[in-house]
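The values are calculated or read from the model by the stated rules, or taken from the named source; none is laboratory data. Remember, predicted model here, so these are calculated numbers, not experimental data. Glycine also receives a Cβ, built like all others from the backbone with ideal geometry; neighbour counts cover every protein chain displayed.
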Amino acid sequence: MVKTKKTKGVTVLNPYREAIHNQLDELIAFRRELHLHPEVSFKEFETTDRICRELDKAGISYYRLNPTGLYGDLKGTKCESSHTVLLRSDMDALSILEQTGLDFASVNEGVMHACGHDNHMTVLLAAVKYLHAHPEQFGGTVRFIFQPAEELGQGAKAMIGQGVMAGVDRAVGMHIDPILPCGQVSSMEGECWAACDVFKIIVHGKAAHGANPHMGHDALVAASAIVMALQPLVSRETDPNAAIVITVGSIVSGTRFNIVAGDAVMEGTCRTFSRDIHAALPGQMRRVVENVALAYGCTAELEFTVATEVLYSDPAVTRLGMQSVAKIVGEENAVTCGPKMIAEDFCYYTLHAPSVFFNLGARVADESKVFPLHSDHVVFDESAIEVGASVFIQTAVDLLDELNAQ
């Protein structure tokens, strides 16, 4: 259903949404083509080629980046302006064997667009084509980015390193949400998506016969103690009002049932919405890891990798962005959400320019087919493409109007 409003008793379609609605079948076909051919992070060569072909057909200029991805600038003619608003989509898929049973399920075995990036690319492409065809409707520049490797947390940094944020005044990102009802768009001010870290802990002990454990130093016991000792960092060293998660997801240790383990390797993740906590965590964890291991006669080292920073949605930009959303879906469907412990490397753009990040509802009507992101069964209501593309257009135009009025 195309969102409508009433003006003096006459029902009027939002012009952006009407334009996208009229080409929705074509957009869905393109999304399904992308879904058929997913590629993992920094391997999105065919995906980049497909987007380039669409841009070439529309006569839109762009720059390819290394190793994959691209960006371009659309110049508006509504007024003279030096301002730039960035719109971003990610491109990569996940190493997941698809189990949806869709007619257009992945033909690349073991790879699936389980995070919905095929929808993101389609949404941005539709917005780019519209803005290119209607430069008179905005003043300034809309920069579009098709970014690789979001799932690694590395793609945004790679693109920023190649200069895509130069001159950008505002940035707009969006992620599809298969749990949020289709037709709704949500956002929140401030820290909205968590910082994400990945860690590995390697414990070195001394192997011994299981009948004589006193002759060794049990790395498995030390590792188990470290798992438990990490949790007081959450419950006793962090302000209870500050959300933090430390998860040890795997332990690999031991070689045989009757041998005291000589080594253990643990891997896990940390999540928080506080940049201060995020900065302090490596030192706190290293203190616990090394000293607990020592108490058991072992040694240990911590490898700590920052995957993403905290994603911060600027309050003023978010308020204006949600006003733009309301023009597309109505105020009742422009909703405020809570923070999410999942991570998004759009966070790195927010370090360079005031930004807004939207969640695009795409929940399917059949409750039996509702699954979360990264599920091998996840499906999306494709009519969300219409909403997402319209929101991108409306927000870009409104942000540029505000910048030009300053």
The lone condition Thr318 fails out of (1) touching a helix residue (DSSP H, G or I) at 6+ places or on another chain (Cβ under 6 Å); (2) under 20 Å from Met165 (Cβ atoms) is (1)
Might you check whether a residue that is in a loop (DSSP other than H, G, I, E, B), at negative phi and not aliphatic (A, V, I, L, M) occurs anywhere in the stretch 116-133? no
Picked from the stretch 288-316 (must be part of a helix (DSSP H, G or I) and in the same structural domain as Thr350 (by TED's automatic domain parsing)), the residue surrounded by the most Cβ atoms within 10 Å (Cβ to Cβ) is Pro315
Here the residues within the stretch 335-362 that are closer than 17 Å to Ala396 by Cβ, touching a helix residue (DSSP H, G or I) at 6+ places or on another chain (Cβ under 9 Å) and either hydroxyl-bearing (Ser, Thr, Tyr) or not assigned by TED's automatic domain parsing to the domain that holds Arg319 (or both) are Tyr349, Ser355
Query raised in the report: When you look at Asp197, is it part of a strand (DSSP E or B), of a type outside the set (A, V, I, L, M, F, W, C) and under 20 Å from the mean Cα position of the chain (by Cα), yes or no?
Result: yes
Counting only residues in the stretch 225-273 that are outside any loop (DSSP other than H, G, I, E, B) and small (Gly, Ala, Ser), the one nearest to the chain's Cα centre (by Cα) is identified as Gly268
Counted residues in the stretch 326-345 being assigned to a loop (DSSP other than H, G, I, E, B) and closer than 30 Å to Lys157 by Cβ come to 8
Checking Ser274, Ser187, Ser235 in turn, the sole residue that is assigned by TED's automatic domain parsing to the domain that holds Ala334 and hydroxyl-bearing (Ser, Thr, Tyr) turns out to be Ser187
Scanning the stretch 30-89 residue by residue, those exposed (fewer than 15 other Cβ atoms within 10 Å of the Cβ) and part of a loop (DSSP other than H, G, I, E, B) turn out to be Gly59, Ser61, Asn66, Pro67, Cys79, Glu80, Ser82
